[in-house]
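Heads up: the structure comes next, in structure tokens.
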Ligand SMILES: [Zn+2]
């Protein structure tokens with residue numbers, strides 16, 4: 001909560017017009033005048049007196065900082081860690097609908113998991129094409145995970161084509177063809 005009703009502002013050439021239009025009488029550069037708080041420019045760095053809306057302590061922020069900090073939650077917060085934590089909870093709730101950023105991360109992780117091709121489906125795709133997947137389920141984090149597979153009983157010419165199809169679908173980036181490690185589809189084409 002803003003306590004100051006007025007602030008002492010120094011005259012200068014840049015802000016002279018603003019304050020004169022509000023009815024203040026110019027004296028000279030650098031001279032102080034008392035200005036009603038509602039007339040102070042919103043980007044002013046003048047220090048004002050405020051009361052923390054969380055702990056009740058008095059603090060002295062720059063006026064523009066005080067206003068900026070109200071952008072999402074219209075409450076004033078001192079620099080105490082506990083108060084800042086309380087306010088950031090409220091800000092997160094407002095922006096993301098959760099209190100902590102980590103909750104947001106786990107929510108994102110869950111929805112990512114739901115959108116990606118299920119591991120069982122990946123396994124089945126490989127199996128259908130006579131390819132053996134060597135990676136474990138835990139290696140499969142997302143559709144860009146590097147998966148190892150082993151090619152079985154397929155002529156090289158055919159396997160290239162099949163692997164290219166799978167690559168397109170699941171974006172396997174590391175493939176083991178017999179004894180050779182193939183780093184990407186381009187390498188594979190030259191095997
Ligand atoms: Zn506080």
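The values are calculated or read from the model by the stated rules, or taken from the named source; none is laboratory data. Everything quoted here is computed from the prediction, not taken from an experiment. As a convention, Cβ positions derive from the backbone with ideal geometry for all residues, glycine included, and neighbour counts pool all protein chains shown.
Flag not set for residue 29, criterion: assigned to a loop (DSSP other than H, G, I, E, B) and within 30 Å of residue 137 (Cβ to Cβ). Within the stretch 33-83, can you find the residues that are surrounded by fewer than 16 Cβ atoms within 10 Å (Cβ to Cβ) and within 12 Å of the ligand (Cβ to nearest atom)? Within the stretch 33-83, 51, 55, 56, 57, 58, 79, 80, 81, 82 meet the criteria.
Condition check for residue 11 on (1) touching a helix residue (DSSP H, G or I) at 6+ places or on another chain (Cβ under 9 Å); (2) in contact (Cβ under 8 Å) with a residue 24 or more places away in the chain: one failure, at (2). Selection within the stretch 1-21: residues that are in contact with a strand residue (DSSP E or B) (Cβ under 9 Å, 6 or more places away or on another chain) and surrounded by fewer than 13 Cβ atoms within 10 Å (Cβ to Cβ). The member of this set that is farthest from residue 41 (Cα to Cα) is 1. Farther than 29 Å from residue 9 by Cα, within 14 Å of the ligand (Cβ to nearest atom) and without any contact (Cβ under 8 Å) to a residue 24 or more places away in the chain, is that true of residue 99? In short, no.
When you check residue 79 against the structure, is it in contact with a strand residue (DSSP E or B) (Cβ under 8 Å, 6 or more places away or on another chain) and either at pLDDT below 95 or under 29 Å from residue 98 (Cβ atoms) (or both), yes or no? When the stated conditions are applied, residue 79 passes them.
Selection within the stretch 102-123: residues that are assigned to a loop (DSSP other than H, G, I, E, B) and in contact (Cβ under 8 Å) with a residue 12 or more places away in the chain. The member of this set that is farthest from the chain's Cα centre (by Cα) is 117. Checking 89, 17, 25 one by one, the residue that is more than 18 Å from residue 2 (Cβ to Cβ), without any contact (Cβ under 8 Å) to a residue 60 or more places away in the chain and within 16 Å of the ligand (Cβ to nearest atom) is 89 and no other.
Quick check: anything in the stretch 103-124 within 16 Å of the ligand (Cβ to nearest atom), surrounded by 14 or more Cβ atoms within 10 Å (Cβ to Cβ) and at pLDDT below 95? Among the residues of the stretch 103-124, not one is within 16 Å of the ligand (Cβ to nearest atom), surrounded by 14 or more Cβ atoms within 10 Å (Cβ to Cβ) and at pLDDT below 95, which makes the answer no.
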